[in-house]
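Read the structure below first, then the notes.
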Amino acid sequence: MDWIIPGSGEMKKGTFTVIVVPHDQQGTKQYRVPYRLFYALVVITCIGAVAMVIFVATYGKLLLKARETVMLEKQVNELTRRNEQIGELMRNLASLRTMNLQVRRMLGIDVSEEDSLAMQPDMTHGSAADDGFPADQEMALHSTPNFWPVRGYITKGFSISSGSDDENYHPGIDIAVPRGTPVRASAAGYVLESGWDDMYGYYVMIEHGYGIKTLYAHNDRLAVMKGERIGRGQTIGYSGNTGKSTAPHVHFEVIQNNNYVDPLNYLLQ
């Protein structure tokens, strides 16, 4: 079957004729197609082709992005798993190093203040359960007042054996420092008392839990208020000469189960 499009002389105005000549000797057929319809079909065909090209290009990009997303998710999951493993190793290492410091302290081996700060976790940065340590062990470490409130010369040591009526009675230690030296919390806890006392001057008492409290006296001014949560090493005041005091210093006490204990038994040397 042949398709024949006659020349312009055979066309009516605004149309052209398509002649179909079958090969099986059947009669020819003629179809008159208006120009408008022809042009419309051409335009529709072109639009369809462009739309198909755009669809294929867009779909291909979506497939590539989907593949990249899957690969990125796998990488994120792998990194998360590795971070968890690293975190577990670091927590175990910190626990071992903390135990090592405690053993060294009990054996009388010198431990630097920097080691004390680095090895002891801060209660302001999460709970024991969040850090992966047993809660009771973590809280006991937080409650241990082994960080020096200030660094200076001890002018008077701990002495309670003679009784509170004796003039040598001294339920803490005095550390001589210049006026205005930052006084830091020896362990994490919350401020139980903060104010003025005729004997202690401006003082702060911190509750650490496990029956342990610490007191910091003769401050020039205070930096915390009652009820405030405190982290280990946080500045709670500035040393001075207030109350019954003859020179700028910090009077530091440790009270365990309502009994005074020697702070040097706790402080890391």
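The values are calculated or read from the model by the stated rules, or taken from the named source; none is laboratory data. Keep in mind that what you see is a predicted model, and the values were worked out from it rather than measured. Positions of Cβ are generated from backbone atoms using ideal geometry, with glycine treated the same way; all protein chains shown enter the neighbour counts. Areas reflect the complete protein model, heavy atoms only, side chains present, ligands, DNA and RNA absent. Shrake-Rupley method; radii C 1.70, N 1.55, O 1.52, S 1.80 Å.
Would a scan of the range 70-83 turn up a residue that is modelled with pLDDT of 75 or more and in contact with a strand residue (DSSP E or B) (Cβ under 7 Å, 6 or more places away or on another chain)?
No, the conditions are met nowhere in the range 70-83.
Within the range 28-52, take every residue that is over 15 Å from residue 17 (Cα atoms) and open to solvent by 100 Å² or more (accessible area, probe 1.4 Å) and give me the one that is farthest from the chain's Cα centre (by Cα).
For the range 28-52, the residue satisfying everything is 44.
Can you run down the residue pairs with Cβ atoms below 6 Å, 6 or more apart or on separate chains, where the first is in the range 207-223 and open to solvent by 50 Å² or more (accessible area, probe 1.4 Å) and the partner is polar (S, T, N, Q) and not in a strand (DSSP E or B)?
Qualifying pairs under 6 Å: 210/143.
I'd like to verify a number: residues in the range 160-217 that are closer than 17 Å to residue 149 by Cβ, within 28 Å of the chain's Cα centre (by Cα) and outside any strand (DSSP E or B), how many?
Qualifying residue count for the region: 4.
Can you tell me which residues in the range 187-234 are among the hydroxyl-bearing types (Ser, Thr, Tyr) and modelled with pLDDT of 95 or more?
194, 200, 202, 203, 214, 216
Among (1) at pLDDT below 95; (2) surrounded by 13 or more Cβ atoms within 10 Å (Cβ to Cβ), which single condition is residue 151 missing?
(2)
Out of all the residues in the range 224-269, which are without any contact (Cβ under 8 Å) to a residue 60 or more places away in the chain, open to solvent by 20 Å² or more (accessible area, probe 1.4 Å), in contact with an Asp or Glu (Cβ under 8 Å, 6 or more places away or on another chain) and not in a loop (DSSP other than H, G, I, E, B)?
238
Is it the case that the range 234-250 has a residue that's within 14 Å of residue 188 (Cα to Cα) and not β-branched (Val, Ile, Thr)?
yes
Report every pair of residues separated by at least 6 positions or lying on different chains whose Cβ atoms are under 9 Å apart, first residue within the range 162-191 and within 18 Å of residue 243 (Cα to Cα), second exposed (fewer than 12 other Cβ atoms within 10 Å of the Cβ) and among the aromatic types (Phe, Trp, Tyr).
What qualifies is 175/153; 176/153; 177/153.
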